[in-house]
Amino acid sequence: MSPPLIRRLYPRAHEGRLPINHPELKAIRPKFFKAAILNLCLYILLFFCLFCYLYGSLFQQGPRTHNLHILFVDYDGGVIGDAVRNAYSSLQSHEFPSMIERSVSQFPTQADLREAVCHAHYWAALFTSPGASTRLGLAIAGLNTTQYNPSDVLSFIWNEAKYSAVMDSLVASNLHTLSDTAKASYIALNGTSAFPTIPSSNNAAAISAFTNPWTLTSINIMPTTQGTRTVYNTITIVLALIEDFFYLATINGLYASFKVYTRISPLRIVLVRDAISITFTMLGSLLNSAAIWAFKANWHVSAGQYAITWLILWLFAHVNFLAFDVFTIWLPPQYVSMALVTWVVINVSSIILPFSVVSPFYRWGYALPAHAAYELLTDNWSHGCNPHLSYALPVLFSYEVVGLILTGIGVYKRCHYAVILEETTKEAMRLRV
């Protein structure tokens, strides 16, 4: 028996209840538990597979670090370049980026190195400055200590806006390790001949040049050090997807409540739904972009980049709005939530780490809208230094076109079944009366 308070609040809750051994209940009980157990198994299996998929995208990234290629050009042509090569030989492993050496004739200037990094041919470019070995030798001998610049010896070019966490931990950090190892290698290669040249008086600068011959110089195309960068390719995408789905669920509920599908022509419904989705995703992406800019800290991005970020997020949001609408139209209701969580996980998994350090299996993620959108955002934030527009834009627009077609057809489907349901309900009421 229910408590008296509950019975007073909901007095009709017990009306018309069948006894537990009623034939009607006996008939539906096996079907109910069969469906419940089936969905229980499906959900458990689905989430197990999604956890495995997500963890698999992060599994063994360390041993794949060698897939990150670093360009090396020795403009100096002296002992410093030899020290770098020896240092790389001692560090070379599956857990260290691969250093690919190219000749000066292939990359005559520093601008050519920057272009190679910008076009994503390499994750970074390491180079020695022309005449660095000679200047260092003179500084050790105490001849040009006032003019010697330890920062103009060994440098690297990189783009921190592209997968910032990976760039910091796997690229920049390892290049500093390479530089430190190269210093020790330089002393081993040149120490015997260089040490006797240190002057006996006023030799502090010369000793400093000998013991600490250079400081690795970072040429960062787009410094990205703000704390919020860690969520740009994770929670930001998840929230954008959830935002679209929840509003779509609200709109679908309103259409059902006001019986729109039986009162208005399908074409008008299509146009109005598209207008609503475009307006919602436009305003949502505008505010989401504003939130990114509000907490950009010392990130040097312009108003023009804000506008482009807004347009990219707008297109991405509308693509996902249409995708979720396709799920609600063409999938049975009990499977819509499964499709939602699967869509979120596979999209986020495609941008957590670059494909260079994940299993090749996950490279099918190139076809997912989240990966395409993140490539466009990275290109925008780094002033064009990630030019993958040739595939990223077609991917997003393909989803957009297919989504518009399927959701448009889906409106006719909804109108068709709404009329059938209304007629069935009226007939049932007539027979009951």
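Observations on the model:
- Ala307 fulfils the conditions (1) under 18 Å from Phe327 (Cα atoms); (2) over 16 Å from the mean Cα position of the chain (by Cα) except for a single criterion, (1).
- Of the residues making up segment 19-34, those that are loosely packed, with under 10 Cβ neighbours inside 10 Å and part of a loop (DSSP other than H, G, I, E, B) are Pro19, Ile20, Asn21.
- Within segment 82-125, considering residues that are more than 20 Å from Val171 (Cβ to Cβ) and free of Cβ contacts under 8 Å to residues at least 60 places away in the same chain, the one surrounded by the fewest Cβ atoms within 10 Å (Cβ to Cβ): Ser105
Every read-out reported here was derived from the displayed coordinates using simple, explicitly stated rules and does not represent laboratory data. Just so we're clear, the structure is a prediction, and the values are computed from it rather than from any experiment. Please note: Cβ atoms are built from the backbone with ideal geometry, for glycine as well, and neighbour counts cover all protein chains shown.
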